[in-house]
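Enquirer: One structure follows; several queries about it will come next.
The values are calculated or read from the model by the stated rules, or taken from the named source; none is laboratory data. All of these numbers come straight from a predicted model, not from anything done at the bench. Backbone-built Cβ (ideal geometry, glycine too); neighbour counts: all protein chains shown.
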Amino acid sequence: MLRLHMATLLAKAGELGDQSVADMAQRTGISRSTLHRLAAGTKQPSLATLWTLRDAYRVRLDALVYDDIQTLQRSSLSQQHHAP
């Protein structure tokens, strides 16, 4: 599962004067609730969301996301237990 790298995003947002999720929502057009879910890791970022964040904060796409190894491992274990 891809996760949003919030530390990178918050650093870039701060450089541009965005001090809150509300500021980020206003700049990007992404809802505050979506930004909160992305930060919490309960929502996987879509390509459109990543593209919007990339444009708004001038950051590379690959710097915005990372693979959550724990989620990948849990998914792999779950699939092994359900295999015939």
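Enquirer: Taking the condition of being small (Gly, Ala, Ser) and touching a strand residue (DSSP E or B) at 6+ places or on another chain (Cβ under 6 Å), how many residues in the stretch 24-67 meet it? Spell out how you get there, then give the answer.
Expert: The initial filter retains those residues of the stretch 24-67 that are small (Gly, Ala, Ser), namely 25, 29, 31, 33, 39-41, 46, 48, 56, 63.
When the remaining residues are screened for being touching a strand residue (DSSP E or B) at 6+ places or on another chain (Cβ under 6 Å), the result is 41.
So the count comes out to 1.
Enquirer: Within the stretch 1-29, count every residue that is part of a loop (DSSP other than H, G, I, E, B) and aliphatic (A, V, I, L, M). Quick ask: steps written out before the conclusion?
Expert: Looking only at the stretch 1-29, we keep the residues that are part of a loop (DSSP other than H, G, I, E, B), and these are 1, 5, 16-20, 29.
Still in the list and also aliphatic (A, V, I, L, M): 1, 16.
Result for the stretch 1-29: 2.
Enquirer: If Thr52 meets every condition in (1) of a type outside the set (A, V, I, L, M, F, W, C); (2) modelled with pLDDT under 95; (3) buried (at least 16 other Cβ atoms within 10 Å of the Cβ); (4) more than 11 Å from the chain's Cα centre (by Cα) apart from one, which number is that one?
Expert: It is condition (2) that Thr52 fails.
Enquirer: Scan the stretch 30-72 residue by residue and report those that are farther than 17 Å from Leu10 by Cβ, of a type in the set (Val, Ile, Thr) and in a helix (DSSP H, G or I).
Expert: Ile69, Thr71, listed by residue number.
Enquirer: Okay, moving on. If you go through the stretch 1-49 one residue at a time, how many are hydrophobic (A, V, I, L, M, F, W, C), crowded, with 18+ Cβ neighbours inside 10 Å and closer than 20 Å to Asp67 by Cα?
Expert: The qualifying residues number 4.
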